[in-house]
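The values are calculated or read from the model by the stated rules, or taken from the named source; none is laboratory data. Remember, predicted model here, so these are calculated numbers, not experimental data. Here Cβ is always computed from backbone atoms with ideal geometry, including for glycine, and neighbour counts include all displayed protein chains.
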Amino acid sequence: MDLNDTPEQAAFRARVRAWLEEHRDEAPPARLPEGGDEAEYLAARRAWQGRLAEGGLAGVVWPEEAGGQGLGPIEQVIVNQEISRAGVPGILDVIGVGMLGPTIIAHGTDEQKARYLGPMLHGDEVWCQLFSEPAAGSDLAGVQARARAQADGSWTLNGQKVWTTNAQFASFGLLLARTDPDVPKHKGLTMFIVPMDAPGVTVRGLRQISGEAEFNEVFFDDARLEPDAVVGGVGNGWGTALTTLMFERLTIGLGSEGLGYRPDRFAAPIAADPQARRDPDVRRRLGEVAVDLLALRFTGYRTLTALQGGQIPGPESALAKVTTVNAAIAATDLIADVLGPDALEDGGEWAYAISFLPGLKSAGGTEEILRNTVGERVLGLPSEPRLDKGVPFSELRAREREVTA
Ligand SMILES: Cc1cc2nc3c(=O)[nH]c(=O)nc-3n(C[C@H](O)[C@H](O)[C@H](O)COP(=O)(O)OP(=O)(O)OC[C@H]3O[C@@H](n4cnc5c(N)ncnc54)[C@H](O)[C@@H]3O)c2cc1C
(Lines give C-alpha, C1' and ligand atoms only; values in the text may rest on other atoms or scores of the structure.)
Protein backbone atom coordinates (compact mmCIF):
# COMPACT_ATOMS: atom_id res chain seq x y z
CA MET A 1 0.00 0.00 0.00
CA ASP A 2 1.52 3.32 -1.11
CA LEU A 3 -0.22 6.29 0.52
CA ASN A 4 1.39 8.95 -1.70
CA ASP A 5 -0.18 10.26 -4.91
CA THR A 6 1.29 8.81 -8.09
CA PRO A 7 2.44 11.53 -10.54
CA GLU A 8 -0.88 11.10 -12.41
CA GLN A 9 -2.90 11.41 -9.20
CA ALA A 10 -0.88 14.47 -8.13
CA ALA A 11 -1.61 16.10 -11.51
CA PHE A 12 -5.30 15.25 -11.13
CA ARG A 13 -5.32 16.69 -7.58
CA ALA A 14 -3.68 19.91 -8.84
CA ARG A 15 -6.32 20.24 -11.57
CA VAL A 16 -9.18 19.70 -9.08
CA ARG A 17 -7.63 22.17 -6.61
CA ALA A 18 -7.18 24.81 -9.31
CA TRP A 19 -10.79 24.39 -10.48
CA LEU A 20 -12.09 24.76 -6.92
CA GLU A 21 -9.94 27.82 -6.30
CA GLU A 22 -11.29 29.43 -9.44
CA HIS A 23 -14.95 28.64 -8.69
CA ARG A 24 -15.23 28.62 -4.88
CA ASP A 25 -16.86 32.06 -4.85
CA GLU A 26 -19.85 30.60 -6.70
CA ALA A 27 -20.45 27.97 -3.97
CA PRO A 28 -23.39 28.30 -1.56
CA PRO A 29 -22.80 27.67 2.18
CA ALA A 30 -22.66 24.01 3.27
CA ARG A 31 -25.87 24.41 5.31
CA LEU A 32 -28.98 26.58 5.09
CA PRO A 33 -28.09 29.86 6.86
CA GLU A 34 -30.14 30.75 9.94
CA GLY A 35 -33.45 32.27 8.73
CA GLY A 36 -32.53 31.61 5.07
CA ASP A 37 -35.08 30.71 2.39
CA GLU A 38 -35.12 26.91 1.91
CA ALA A 39 -36.25 26.93 -1.73
CA GLU A 40 -33.60 29.50 -2.69
CA TYR A 41 -30.90 27.58 -0.87
CA LEU A 42 -31.92 24.34 -2.59
CA ALA A 43 -31.80 26.02 -6.00
CA ALA A 44 -28.28 27.28 -5.20
CA ARG A 45 -27.14 23.78 -4.14
CA ARG A 46 -28.54 22.29 -7.35
CA ALA A 47 -26.84 24.94 -9.47
CA TRP A 48 -23.56 24.26 -7.62
CA GLN A 49 -23.93 20.53 -8.36
CA GLY A 50 -24.32 21.49 -12.03
CA ARG A 51 -21.09 23.53 -11.86
CA LEU A 52 -19.25 20.60 -10.21
CA ALA A 53 -20.53 18.28 -12.95
CA GLU A 54 -19.35 20.67 -15.67
CA GLY A 55 -15.95 20.82 -13.96
CA GLY A 56 -15.74 17.00 -13.91
CA LEU A 57 -16.06 16.87 -10.10
CA ALA A 58 -19.37 14.95 -10.04
CA GLY A 59 -19.88 11.43 -11.36
CA VAL A 60 -16.13 10.84 -11.09
CA VAL A 61 -16.52 7.05 -11.22
CA TRP A 62 -19.44 7.03 -13.67
CA PRO A 63 -18.43 5.74 -17.12
CA GLU A 64 -17.81 8.39 -19.77
CA GLU A 65 -20.70 7.17 -21.92
CA ALA A 66 -23.00 7.90 -18.94
CA GLY A 67 -21.66 11.47 -18.74
CA GLY A 68 -19.12 10.74 -15.98
CA GLN A 69 -15.34 10.93 -15.84
CA GLY A 70 -14.64 7.16 -16.12
CA LEU A 71 -12.08 7.42 -13.29
CA GLY A 72 -11.45 5.21 -10.25
CA PRO A 73 -12.22 5.35 -6.52
CA ILE A 74 -8.88 7.01 -5.69
CA GLU A 75 -9.80 9.96 -7.92
CA GLN A 76 -13.21 10.08 -6.17
CA VAL A 77 -11.44 10.30 -2.80
CA ILE A 78 -9.11 13.01 -4.15
CA VAL A 79 -12.17 15.04 -5.23
CA ASN A 80 -13.80 14.49 -1.79
CA GLN A 81 -10.60 15.59 -0.02
CA GLU A 82 -10.19 18.70 -2.17
CA ILE A 83 -13.84 19.72 -1.79
CA SER A 84 -13.45 19.36 1.99
CA ARG A 85 -10.17 21.34 1.90
CA ALA A 86 -11.78 24.14 -0.12
CA GLY A 87 -14.56 24.40 2.48
CA VAL A 88 -17.33 24.23 -0.15
CA PRO A 89 -20.30 21.83 -0.22
CA GLY A 90 -20.18 18.76 -2.45
CA ILE A 91 -23.05 17.60 -4.66
CA LEU A 92 -26.58 17.85 -3.28
CA ASP A 93 -27.87 14.54 -4.65
CA VAL A 94 -25.45 12.08 -3.03
CA ILE A 95 -28.12 9.35 -3.04
CA GLY A 96 -28.87 9.79 -6.76
CA VAL A 97 -25.34 10.19 -8.08
CA GLY A 98 -23.72 7.84 -5.55
CA MET A 99 -26.23 4.98 -5.45
CA LEU A 100 -29.23 5.20 -7.78
CA GLY A 101 -27.42 6.41 -10.92
CA PRO A 102 -24.95 3.50 -10.71
CA THR A 103 -27.94 1.13 -10.35
CA ILE A 104 -29.51 2.53 -13.53
CA ILE A 105 -26.13 2.35 -15.29
CA ALA A 106 -25.85 -1.34 -14.29
CA HIS A 107 -29.45 -2.46 -14.87
CA GLY A 108 -31.33 0.24 -16.83
CA THR A 109 -32.32 0.21 -20.50
CA ASP A 110 -30.53 2.50 -23.00
CA GLU A 111 -33.65 4.70 -23.05
CA GLN A 112 -33.63 5.01 -19.25
CA LYS A 113 -29.93 5.90 -19.23
CA ALA A 114 -30.42 8.52 -21.97
CA ARG A 115 -33.45 10.05 -20.23
CA TYR A 116 -32.43 10.13 -16.56
CA LEU A 117 -28.66 10.14 -16.02
CA GLY A 118 -27.75 13.59 -17.39
CA PRO A 119 -30.34 15.62 -15.42
CA MET A 120 -29.48 13.55 -12.30
CA LEU A 121 -25.75 14.26 -12.57
CA HIS A 122 -26.25 17.99 -13.13
CA GLY A 123 -28.72 18.41 -10.24
CA ASP A 124 -31.62 19.33 -12.55
CA GLU A 125 -33.63 16.35 -11.22
CA VAL A 126 -33.00 15.13 -7.67
CA TRP A 127 -33.74 11.48 -6.79
CA CYS A 128 -34.79 9.57 -3.69
CA GLN A 129 -34.49 5.95 -2.59
CA LEU A 130 -37.90 4.35 -1.93
CA PHE A 131 -36.84 1.10 -0.25
CA SER A 132 -37.66 1.11 3.52
CA GLU A 133 -41.19 0.59 4.80
CA PRO A 134 -42.70 0.61 8.30
CA ALA A 135 -42.27 -3.19 8.49
CA ALA A 136 -39.33 -3.62 6.11
CA GLY A 137 -36.04 -1.98 7.07
CA SER A 138 -33.42 -4.47 8.17
CA ASP A 139 -35.57 -7.15 6.55
CA LEU A 140 -35.73 -5.28 3.25
CA ALA A 141 -36.91 -8.29 1.24
CA GLY A 142 -40.16 -8.12 3.25
CA VAL A 143 -41.42 -5.00 1.37
CA GLN A 144 -45.19 -4.91 0.99
CA ALA A 145 -45.73 -1.97 -1.41
CA ARG A 146 -47.64 -3.72 -4.18
CA ALA A 147 -47.42 -3.05 -7.93
CA ARG A 148 -50.08 -4.82 -10.01
CA ALA A 149 -49.65 -5.32 -13.75
CA GLN A 150 -52.47 -3.87 -15.90
CA ALA A 151 -53.69 -5.15 -19.26
CA ASP A 152 -52.05 -2.24 -21.13
CA GLY A 153 -48.62 -3.04 -19.66
CA SER A 154 -48.73 -0.26 -17.05
CA TRP A 155 -48.63 -0.87 -13.27
CA THR A 156 -50.81 0.29 -10.38
CA LEU A 157 -48.90 1.00 -7.19
CA ASN A 158 -50.26 0.95 -3.61
CA GLY A 159 -48.48 1.03 -0.26
CA GLN A 160 -46.21 3.12 1.93
CA LYS A 161 -42.51 3.91 2.22
CA VAL A 162 -40.78 5.64 5.13
CA TRP A 163 -37.48 7.41 6.01
CA THR A 164 -37.26 8.57 2.39
CA THR A 165 -34.49 11.19 2.41
CA ASN A 166 -35.04 14.16 0.05
CA ALA A 167 -38.49 12.94 -1.15
CA GLN A 168 -39.83 16.43 -0.36
CA PHE A 169 -37.99 17.88 -3.35
CA ALA A 170 -37.16 14.80 -5.47
CA SER A 171 -38.35 14.56 -9.08
CA PHE A 172 -38.00 10.76 -9.19
CA GLY A 173 -37.64 7.82 -6.84
CA LEU A 174 -36.21 4.34 -7.33
CA LEU A 175 -38.76 2.05 -5.69
CA LEU A 176 -38.69 -1.60 -4.63
CA ALA A 177 -42.18 -3.16 -4.82
CA ARG A 178 -43.75 -6.58 -4.59
CA THR A 179 -45.08 -7.72 -7.95
CA ASP A 180 -45.66 -11.40 -7.11
CA PRO A 181 -46.84 -12.29 -3.58
CA ASP A 182 -47.00 -16.02 -4.40
CA VAL A 183 -43.29 -16.77 -4.69
CA PRO A 184 -40.55 -16.72 -1.98
CA LYS A 185 -40.11 -13.14 -0.77
CA HIS A 186 -36.77 -12.38 -2.48
CA LYS A 187 -38.16 -13.53 -5.84
CA GLY A 188 -41.39 -11.54 -6.07
CA LEU A 189 -39.82 -8.06 -6.16
CA THR A 190 -39.37 -5.53 -8.98
CA MET A 191 -37.57 -2.16 -9.14
CA PHE A 192 -39.41 0.84 -10.62
CA ILE A 193 -38.72 4.47 -11.47
CA VAL A 194 -41.48 6.59 -9.90
CA PRO A 195 -42.19 10.22 -10.90
CA MET A 196 -42.76 11.90 -7.53
CA ASP A 197 -45.38 14.28 -8.98
CA ALA A 198 -47.57 11.42 -10.34
CA PRO A 199 -51.22 11.45 -9.18
CA GLY A 200 -51.59 9.12 -6.15
CA VAL A 201 -48.11 9.89 -4.73
CA THR A 202 -48.22 11.80 -1.40
CA VAL A 203 -45.11 12.95 0.49
CA ARG A 204 -45.37 13.78 4.20
CA GLY A 205 -42.33 15.19 6.03
CA LEU A 206 -41.05 13.71 9.30
CA ARG A 207 -39.63 16.44 11.54
CA GLN A 208 -36.56 15.30 13.47
CA ILE A 209 -35.10 16.39 16.80
CA SER A 210 -32.54 18.43 14.81
CA GLY A 211 -35.48 20.59 13.66
CA GLU A 212 -35.08 19.51 10.04
CA ALA A 213 -37.47 17.35 8.05
CA GLU A 214 -35.04 15.76 5.65
CA PHE A 215 -36.82 12.46 5.45
CA ASN A 216 -40.43 11.58 4.76
CA GLU A 217 -43.24 9.11 4.58
CA VAL A 218 -44.41 8.48 1.02
CA PHE A 219 -47.87 7.05 0.29
CA PHE A 220 -49.03 5.45 -2.98
CA ASP A 221 -52.74 5.26 -3.74
CA ASP A 222 -53.39 3.69 -7.15
CA ALA A 223 -50.38 5.54 -8.59
CA ARG A 224 -49.92 4.63 -12.25
CA LEU A 225 -46.47 3.61 -13.50
CA GLU A 226 -45.75 3.37 -17.23
CA PRO A 227 -44.57 0.03 -18.70
CA ASP A 228 -41.06 1.46 -19.16
CA ALA A 229 -40.76 2.26 -15.41
CA VAL A 230 -39.32 -1.21 -14.66
CA VAL A 231 -35.55 -1.28 -14.00
CA GLY A 232 -33.67 -4.57 -14.37
CA GLY A 233 -36.64 -6.77 -15.33
CA VAL A 234 -39.81 -7.93 -13.58
CA GLY A 235 -39.02 -10.25 -10.64
CA ASN A 236 -35.35 -9.18 -10.51
CA GLY A 237 -35.85 -6.44 -7.91
CA TRP A 238 -33.76 -8.09 -5.21
CA GLY A 239 -30.65 -8.37 -7.41
CA THR A 240 -31.14 -4.77 -8.57
CA ALA A 241 -31.53 -3.61 -4.94
CA LEU A 242 -28.27 -5.37 -3.99
CA THR A 243 -26.46 -3.21 -6.56
CA THR A 244 -27.88 -0.07 -4.87
CA LEU A 245 -26.91 -1.36 -1.41
CA MET A 246 -23.36 -2.12 -2.56
CA PHE A 247 -22.99 1.45 -3.84
CA GLU A 248 -24.57 2.74 -0.61
CA ARG A 249 -21.77 1.06 1.34
CA LEU A 250 -19.14 2.52 -0.97
CA THR A 251 -20.71 6.00 -0.86
CA ILE A 252 -20.74 6.00 2.95
CA GLY A 253 -17.23 4.47 3.15
CA LEU A 254 -15.53 6.71 0.58
CA GLY A 255 -17.48 9.77 1.65
CA SER A 256 -16.50 9.68 5.34
CA GLU A 257 -13.38 11.85 4.74
CA GLY A 258 -15.73 14.52 3.49
CA LEU A 259 -18.08 14.17 6.48
CA GLY A 260 -15.59 16.18 8.51
CA TYR A 261 -15.09 13.60 11.29
CA ARG A 262 -11.52 14.67 12.04
CA PRO A 263 -9.83 14.74 15.47
CA ASP A 264 -8.69 18.36 14.98
CA ARG A 265 -12.28 19.48 14.42
CA PHE A 266 -13.51 17.75 17.58
CA ALA A 267 -10.49 19.00 19.55
CA ALA A 268 -11.06 22.67 18.66
CA PRO A 269 -13.92 23.49 21.11
CA ILE A 270 -12.11 21.53 23.86
CA ALA A 271 -8.81 23.33 23.27
CA ALA A 272 -10.68 26.63 23.53
CA ASP A 273 -11.78 25.78 27.09
CA PRO A 274 -8.82 26.27 29.50
CA GLN A 275 -10.29 24.02 32.20
CA ALA A 276 -11.32 21.20 29.88
CA ARG A 277 -8.05 21.05 28.03
CA ARG A 278 -6.18 20.30 31.28
CA ASP A 279 -8.71 17.71 32.49
CA PRO A 280 -7.08 14.22 32.24
CA ASP A 281 -10.44 12.49 31.72
CA VAL A 282 -11.38 14.83 28.86
CA ARG A 283 -7.94 14.29 27.28
CA ARG A 284 -8.28 10.51 27.59
CA ARG A 285 -11.73 10.52 25.93
CA LEU A 286 -10.50 12.74 23.10
CA GLY A 287 -7.47 10.46 22.69
CA GLU A 288 -9.72 7.42 22.32
CA VAL A 289 -11.76 9.14 19.60
CA ALA A 290 -8.59 10.21 17.79
CA VAL A 291 -7.25 6.63 17.87
CA ASP A 292 -10.49 5.25 16.42
CA LEU A 293 -10.52 7.89 13.68
CA LEU A 294 -6.88 7.19 12.81
CA ALA A 295 -7.58 3.45 12.65
CA LEU A 296 -10.51 4.23 10.36
CA ARG A 297 -8.31 6.26 8.06
CA PHE A 298 -5.98 3.27 7.60
CA THR A 299 -8.91 0.88 7.19
CA GLY A 300 -10.12 3.28 4.49
CA TYR A 301 -6.73 3.08 2.76
CA ARG A 302 -6.98 -0.73 2.81
CA THR A 303 -10.45 -0.54 1.21
CA LEU A 304 -9.10 1.83 -1.45
CA THR A 305 -6.18 -0.47 -2.19
CA ALA A 306 -8.65 -3.34 -2.69
CA LEU A 307 -10.87 -1.19 -4.92
CA GLN A 308 -7.92 0.00 -6.98
CA GLY A 309 -6.97 -3.65 -7.52
CA GLY A 310 -10.46 -4.30 -8.91
CA GLN A 311 -11.78 -6.03 -5.77
CA ILE A 312 -15.15 -5.22 -4.23
CA PRO A 313 -14.82 -4.52 -0.48
CA GLY A 314 -16.12 -7.41 1.59
CA PRO A 315 -18.41 -7.52 4.64
CA GLU A 316 -15.57 -6.25 6.87
CA SER A 317 -16.22 -2.75 5.52
CA ALA A 318 -19.40 -2.78 7.67
CA LEU A 319 -17.09 -2.23 10.65
CA ALA A 320 -15.93 1.10 9.21
CA LYS A 321 -19.48 2.43 9.25
CA VAL A 322 -20.14 1.25 12.83
CA THR A 323 -16.82 2.66 14.08
CA THR A 324 -17.16 5.99 12.23
CA VAL A 325 -20.61 6.67 13.65
CA ASN A 326 -19.72 5.57 17.18
CA ALA A 327 -16.50 7.63 17.23
CA ALA A 328 -18.38 10.73 16.05
CA ILE A 329 -21.08 10.17 18.70
CA ALA A 330 -18.41 9.72 21.42
CA ALA A 331 -16.76 12.97 20.26
CA THR A 332 -19.99 14.98 20.31
CA ASP A 333 -20.93 13.49 23.73
CA LEU A 334 -17.59 14.76 25.00
CA ILE A 335 -18.17 18.20 23.47
CA ALA A 336 -21.64 18.30 25.07
CA ASP A 337 -20.05 17.48 28.46
CA VAL A 338 -17.46 20.23 28.02
CA LEU A 339 -19.69 22.97 26.62
CA GLY A 340 -22.78 22.09 28.66
CA PRO A 341 -26.07 23.62 27.45
CA ASP A 342 -24.10 25.96 25.14
CA ALA A 343 -23.51 22.93 22.91
CA LEU A 344 -27.19 23.04 21.98
CA GLU A 345 -27.12 26.68 20.92
CA ASP A 346 -29.61 27.12 18.10
CA GLY A 347 -28.10 26.95 14.65
CA GLY A 348 -24.70 25.98 16.09
CA GLU A 349 -22.45 23.35 14.53
CA TRP A 350 -22.61 21.01 17.52
CA ALA A 351 -26.37 21.22 18.17
CA TYR A 352 -26.96 19.76 14.71
CA ALA A 353 -24.31 17.02 15.06
CA ILE A 354 -25.49 15.97 18.54
CA SER A 355 -29.08 15.53 17.42
CA PHE A 356 -28.40 14.15 13.93
CA LEU A 357 -25.67 11.56 14.56
CA PRO A 358 -27.70 8.96 16.52
CA GLY A 359 -29.90 8.49 13.40
CA LEU A 360 -26.84 7.40 11.48
CA LYS A 361 -26.70 4.30 13.68
CA SER A 362 -29.68 3.03 11.64
CA ALA A 363 -29.10 4.62 8.22
CA GLY A 364 -27.41 2.31 5.71
CA GLY A 365 -27.83 -0.77 7.96
CA THR A 366 -28.25 -0.81 11.76
CA GLU A 367 -25.39 -1.49 14.11
CA GLU A 368 -26.86 -4.83 15.23
CA ILE A 369 -27.29 -6.06 11.65
CA LEU A 370 -23.78 -4.95 10.66
CA ARG A 371 -22.25 -6.55 13.75
CA ASN A 372 -24.11 -9.78 12.96
CA THR A 373 -22.73 -9.62 9.40
CA VAL A 374 -19.18 -9.14 10.64
CA GLY A 375 -19.63 -11.87 13.27
CA GLU A 376 -21.00 -14.42 10.83
CA ARG A 377 -19.19 -13.60 7.59
CA VAL A 378 -15.82 -12.26 8.78
CA LEU A 379 -15.27 -14.02 12.12
CA GLY A 380 -17.11 -17.20 11.06
CA LEU A 381 -19.40 -17.28 14.13
CA PRO A 382 -22.51 -19.47 13.87
CA SER A 383 -25.54 -17.71 12.44
CA GLU A 384 -28.38 -16.56 14.67
CA PRO A 385 -31.77 -18.25 14.62
CA ARG A 386 -33.94 -16.04 12.39
CA LEU A 387 -37.27 -14.71 13.60
CA ASP A 388 -39.19 -15.98 10.57
CA LYS A 389 -42.92 -15.34 10.62
CA GLY A 390 -44.91 -18.37 11.66
CA VAL A 391 -42.03 -20.22 13.34
CA PRO A 392 -43.20 -21.28 16.82
CA PHE A 393 -41.23 -19.92 19.75
CA SER A 394 -40.30 -23.43 20.95
CA GLU A 395 -38.70 -24.09 17.55
CA LEU A 396 -36.67 -20.85 17.82
CA ARG A 397 -35.48 -21.81 21.29
CA ALA A 398 -34.44 -25.23 19.96
CA ARG A 399 -32.47 -23.57 17.13
CA GLU A 400 -30.87 -21.21 19.64
CA ARG A 401 -29.77 -24.14 21.81
CA GLU A 402 -28.26 -25.77 18.70
CA VAL A 403 -26.29 -22.59 17.92
CA THR A 404 -25.00 -22.08 21.45
CA ALA A 405 -24.24 -25.77 22.08
C1 LIG B 1 -30.91 9.28 8.57
C2 LIG B 1 -31.62 8.16 7.85
C3 LIG B 1 -31.85 8.25 6.48
C4 LIG B 1 -32.51 7.21 5.80
N5 LIG B 1 -32.77 7.36 4.46
C6 LIG B 1 -33.43 6.37 3.79
C7 LIG B 1 -33.78 6.53 2.42
O8 LIG B 1 -33.51 7.57 1.80
N9 LIG B 1 -34.46 5.54 1.79
C10 LIG B 1 -34.78 4.38 2.43
O11 LIG B 1 -35.36 3.51 1.79
N12 LIG B 1 -34.49 4.19 3.75
C13 LIG B 1 -33.83 5.17 4.44
N14 LIG B 1 -33.53 5.01 5.79
C15 LIG B 1 -34.01 3.82 6.47
C16 LIG B 1 -32.92 2.83 6.90
O17 LIG B 1 -32.49 2.10 5.78
C18 LIG B 1 -33.55 1.93 7.97
O19 LIG B 1 -33.72 2.75 9.13
C20 LIG B 1 -32.71 0.74 8.31
O21 LIG B 1 -32.66 -0.17 7.24
C22 LIG B 1 -33.25 0.02 9.56
O23 LIG B 1 -34.60 -0.32 9.40
P24 LIG B 1 -35.71 0.10 10.47
O25 LIG B 1 -35.52 1.55 10.82
O26 LIG B 1 -37.03 -0.33 9.93
O27 LIG B 1 -35.35 -0.71 11.78
P28 LIG B 1 -35.74 -2.23 12.08
O29 LIG B 1 -35.26 -3.10 10.97
O30 LIG B 1 -37.18 -2.33 12.47
O31 LIG B 1 -34.84 -2.50 13.35
C32 LIG B 1 -35.21 -2.08 14.67
C33 LIG B 1 -34.16 -2.55 15.62
O34 LIG B 1 -34.13 -4.00 15.64
C35 LIG B 1 -32.83 -4.46 15.33
N36 LIG B 1 -32.91 -5.69 14.50
C37 LIG B 1 -33.72 -5.89 13.42
N38 LIG B 1 -33.50 -7.12 12.91
C39 LIG B 1 -32.53 -7.69 13.67
C40 LIG B 1 -31.85 -8.96 13.64
N41 LIG B 1 -32.14 -9.89 12.71
N42 LIG B 1 -30.91 -9.21 14.58
C43 LIG B 1 -30.60 -8.26 15.54
N44 LIG B 1 -31.20 -7.05 15.61
C45 LIG B 1 -32.15 -6.78 14.70
C46 LIG B 1 -32.17 -3.34 14.53
O47 LIG B 1 -30.76 -3.40 14.61
C48 LIG B 1 -32.74 -2.11 15.22
O49 LIG B 1 -32.02 -1.80 16.40
C50 LIG B 1 -32.91 6.03 6.49
C51 LIG B 1 -32.66 5.94 7.87
C52 LIG B 1 -32.04 6.98 8.56
C53 LIG B 1 -31.85 6.83 10.04
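Once the stretch 166-184 is narrowed to residues that are assigned to a loop (DSSP other than H, G, I, E, B) and more than 12 Å from the ligand (Cβ to nearest atom), the residue that is surrounded by the most Cβ atoms within 10 Å (Cβ to Cβ) is Thr179. Taking the criterion of being under 23 Å from Gln112 (Cα atoms) and outside any helix (DSSP H, G or I), the residues of the stretch 58-88 that qualify are Ala58, Gly59, Val60, Val61, Trp62, Pro63, Gly67, Gly68, Gln69, Gly70, Leu71. Taking the conditions (1) within 16 Å of the ligand (Cβ to nearest atom); (2) in a loop (DSSP other than H, G, I, E, B); (3) under 18 Å from the mean Cα position of the chain (by Cα) in turn, Trp163 satisfies each one other than (2).
Residue-wise test of (1) in a helix (DSSP H, G or I); (2) under 16 Å from Met246 (Cα atoms); (3) of a type in the set (Asp, Glu).
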{"site": "Gln311", "(1), (2), (3)": "no, yes, no"}
{"site": "Ala327", "(1), (2), (3)": "yes, no, no"}
{"site": "Asp337", "(1), (2), (3)": "yes, no, yes"}
{"site": "Gly359", "(1), (2), (3)": "yes, no, no"}
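Give the residues of the stretch 212-237 that are within 16 Å of the ligand (Cβ to nearest atom) and not in a loop (DSSP other than H, G, I, E, B), sorted by residue number. Within the stretch 212-237, Phe215, Asn216, Glu217, Val218, Phe219, Phe220, Val231, Gly237 meet the criteria.
Sub-8 Å Cβ pairs linking a first residue in the stretch 194-207 that is under 9 Å from Val218 (Cα atoms) and in contact (Cβ under 8 Å) with a residue 12 or more places away in the chain to a second residue that is surrounded by fewer than 17 Cβ atoms within 10 Å (Cβ to Cβ) and of a type in the set (A, V, I, L, M), at least 6 apart or interchain, are Gly205/Ala213, ordered by first then second residue.
Here is a yes/no grid of residues against (1) more than 16 Å from the ligand (Cβ to nearest atom); (2) touching a Pro at 6+ places or on another chain (Cβ under 7 Å):
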{"position": "Ala276", "(1), (2)": "yes, no"}
{"position": "Asp281", "(1), (2)": "yes, no"}
{"position": "Ala290", "(1), (2)": "yes, yes"}
{"position": "Thr305", "(1), (2)": "yes, no"}
{"position": "Glu316", "(1), (2)": "yes, no"}
{"position": "Thr323", "(1), (2)": "yes, no"}
{"position": "Leu339", "(1), (2)": "yes, yes"}
{"position": "Ala353", "(1), (2)": "no, no"}
{"position": "Ser362", "(1), (2)": "no, no"}
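Somewhere in the stretch 300-311, is a residue surrounded by 17 or more Cβ atoms within 10 Å (Cβ to Cβ) and either among the β-branched types (Val, Ile, Thr) or farther than 26 Å from Ile369 by Cβ (or both)? Checked the stretch 300-311: at least one residue is surrounded by 17 or more Cβ atoms within 10 Å (Cβ to Cβ) and either among the β-branched types (Val, Ile, Thr) or farther than 26 Å from Ile369 by Cβ (or both). For the stretch 233-248, indicate whether the set of residues that are modelled with pLDDT of 95 or more, surrounded by fewer than 22 Cβ atoms within 10 Å (Cβ to Cβ) and under 24 Å from Glu125 (Cα atoms) is non-empty. Yes.
The numbered conditions (1) of a type in the set (A, V, I, L, M, F, W, C); (2) over 20 Å from the mean Cα position of the chain (by Cα); (3) more than 13 Å from the ligand (Cβ to nearest atom) are all true for Ala135 except (3).
When residues in the stretch 44-57 are screened for being outside any helix (DSSP H, G or I) and among the basic types (Lys, Arg), 0 of them pass. Residues in the stretch 364-385 that are near the ligand (Cβ under 7 Å from one of its atoms) and either out of contact with any helix residue (DSSP H, G or I) (no Cβ under 8 Å at 6 or more places or on another chain) or part of a loop (DSSP other than H, G, I, E, B) (or both): Gly364, Gly365, Thr366, Glu368, Ile369, Asn372, Glu384.
Comparison of Lys113, Lys187, Lys161 shows that the only residue that is among the basic types (Lys, Arg) and buried (at least 22 other Cβ atoms within 10 Å of the Cβ) is Lys161.
In the stretch 120-134, the count of residues that are modelled with pLDDT under 95 and either among the polar types (S, T, N, Q) or under 22 Å from Asp180 (Cα atoms) (or both) is zero. Considering the stretch 1-27 alone, what residues qualify as being aliphatic (A, V, I, L, M) and at pLDDT 95 or above? Matches in the stretch 1-27: Ala10, Ala11, Ala14, Val16, Ala18, Leu20, Ala27.
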